[in-house]
Amino acid sequence: MIGINNINLSSVGKTSLVVSMFRTLISNKHVKNILLKVEDGAEPNSSNLEQIQSYLPFYTLNPYISDIPNEITIFDPKECQAILWESLDLVYFLAPDLFKSKNFVNLLQKHWSEYDRSKTNVDEVRQYIKNCPPLKAWSLVAIENISARIALRTMLIDDLIQSSIVGQFKQVVILGSGLDSRLLRMPLGPDVVGYEVDLPEIIELKKKLLPLITKECPPTSKSTNHYIGADLKGDSWIELLKSAGSSDFDSTKPTLWIMEGLLMYLSEDETNNLISNCSHLSSSGSTMVIQIIGHVDGEKDPQFRKLVKTLLHEDVRFDFKKAAGSYLKDNSFISNVQVYNDNDIFFKYTGLNDPKLDDGWSQFAIGYKP
Ligand SMILES: C[S@@+](CC[C@H](N)C(=O)[O-])C[C@H]1O[C@@H](n2cnc3c(N)ncnc32)[C@H](O)[C@@H]1O
């Protein structure tokens, strides 16, 4: 334990913990699926059982995770362990004001099981959540659809990394990486060099957590990874990237750039500047994946806005001026540009449409530089 609650994180920095907590729920559902198969008498897949061993001490039966489709779960024990070891009071740490509003409590309760819903008084709800184990506490505040949306985006980017890296990339840069443990959990070879850039406070936290986690749960990846603390709003990160360690970033090699859950914290100008900088650092054959919050205004999605405001005490922006694909096309990533919304990804993995996810809340674009 390093005492995450004593670390002074800005509200933007805290968002990485929120996303990690969602991925912890997604992993929990993955574990549940495997255990259920075993209970059903289906042939247990021994490698799956082995995979989940390190997570079992954290597993909680029946937390509220019903909106994560069975087909779209991932297993991320490293990120989960970091967050669960450290998170006995994490819900409170992230959201001290979470329970002040009666309306918000009502909103939460709409999603709860009959049993949980019997608590109606704000103080009672607050106490109840505080006394729950962390995974259960988070499952209670995870507003429906957000965990599913995070599951979808995680799965899409994981698949992209796996298929791209195996094929062509030896260099991957994750901007605004937060506590994401992709560069540890994906099966990357020793010839891959990974770079993560996030605010110094998050990189410092990550560097403290990594030795603890990897001791319990060794990385699958064999890549060489560099962790760079920098503000992506300016240009200072570029020099730090270029001089990060012995295997310096090489702009003559194709790079895979990933910006997941980041650009909503930058202004329109900062976003354009960042993507343009990445383009200048990219040789032919480089790929970029971005995720932005789509054409959704607060009126259309008041629940999400309210959650963000309550958790972060500030708003993310919903006013991207262009569709996701245009940010890439305007910056030389013009080949084979693919655009997805949440429902497109849902369809990709389940063969089904979910009208609730077809609202343009999140937009992904993937494009290649010829
Ligand atoms: C919602 S989290 C997403 C983290 C990660 N990409 C994931 O999906 O798990 C947003 C991340 O962007 C980082 N971030 C926001 N503004 C930033 C900035 N100006 N410079 C560097 N990182 C920033 C935050 O610190 C946080 O880790």
What is the one condition in (1) of a type in the set (Ser, Thr, Tyr); (2) touching a helix residue (DSSP H, G or I) at 6+ places or on another chain (Cβ under 8 Å); (3) without any contact (Cβ under 8 Å) to a residue 40 or more places away in the chain that Thr224 does not satisfy?
-> (2)
Among Ser139, Ser147, which is the only one that is of a type outside the set (D, E, K, R), within 16 Å of the ligand (Cβ to nearest atom), modelled with pLDDT of 75 or more and surrounded by 21 or more Cβ atoms within 10 Å (Cβ to Cβ)?
-> Ser147
Restricting the search to region 321-340, which residues are surrounded by fewer than 19 Cβ atoms within 10 Å (Cβ to Cβ) and either under 13 Å from Asn272 (Cα atoms) or out of contact with any helix residue (DSSP H, G or I) (no Cβ under 6 Å at 6 or more places or on another chain) (or both)?
-> Lys321, Lys322, Ala323, Ser326, Lys329, Asp330, Ile334, Ser335, Asn336, Gln338
Go through (1) in contact (Cβ under 8 Å) with a residue 24 or more places away in the chain; (2) within 16 Å of the ligand (Cβ to nearest atom) and name the single condition Gly234 misses.
-> (1)
Of the conditions (1) part of a strand (DSSP E or B); (2) over 20 Å from the mean Cα position of the chain (by Cα), Leu240 clears all except one; give me its number.
-> (1)
Quick one: in region 268-283, which of the residues that are within 14 Å of Phe320 (Cβ to Cβ), crowded, with 16+ Cβ neighbours inside 10 Å and of a type outside the set (Val, Ile, Thr) is farthest from the ligand (Cβ to nearest atom)?
-> Asn272
Kindly establish whether Gly178 is within 16 Å of the ligand (Cβ to nearest atom), over 17 Å from Cys80 (Cα atoms) and buried (at least 17 other Cβ atoms within 10 Å of the Cβ).
-> no
Collect the residues in region 239-267 that are more than 19 Å from Thr287 (Cβ to Cβ), within 16 Å of the ligand (Cβ to nearest atom) and in contact (Cβ under 8 Å) with a residue 12 or more places away in the chain, keeping them in residue-number order.
-> Leu240, Ala244, Met264, Tyr265, Leu266, Ser267
In region 160-215, what residues are assigned to a helix (DSSP H, G or I), of a type in the set (Val, Ile, Thr) and within 16 Å of the chain's Cα centre (by Cα)?
-> Ile161, Ile202, Ile203
Options Ile26, Ile34; residue that is part of a helix (DSSP H, G or I), modelled with pLDDT of 80 or more, more than 13 Å from Ser139 (Cα to Cα) and β-branched (Val, Ile, Thr) = Ile34
Unmet criterion (only one of (1) within 23 Å of Gln363 (Cβ to Cβ); (2) away from the ligand (no atom under 15 Å from the Cβ); (3) not charged (D, E, K, R)) for Ile161 | (2)
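The values are calculated or read from the model by the stated rules, or taken from the named source; none is laboratory data. Values in this document were obtained by computation on a predicted structure and should not be read as measured data. We place every Cβ from the backbone using ideal geometry, glycine too, and count neighbours over all the protein chains shown.
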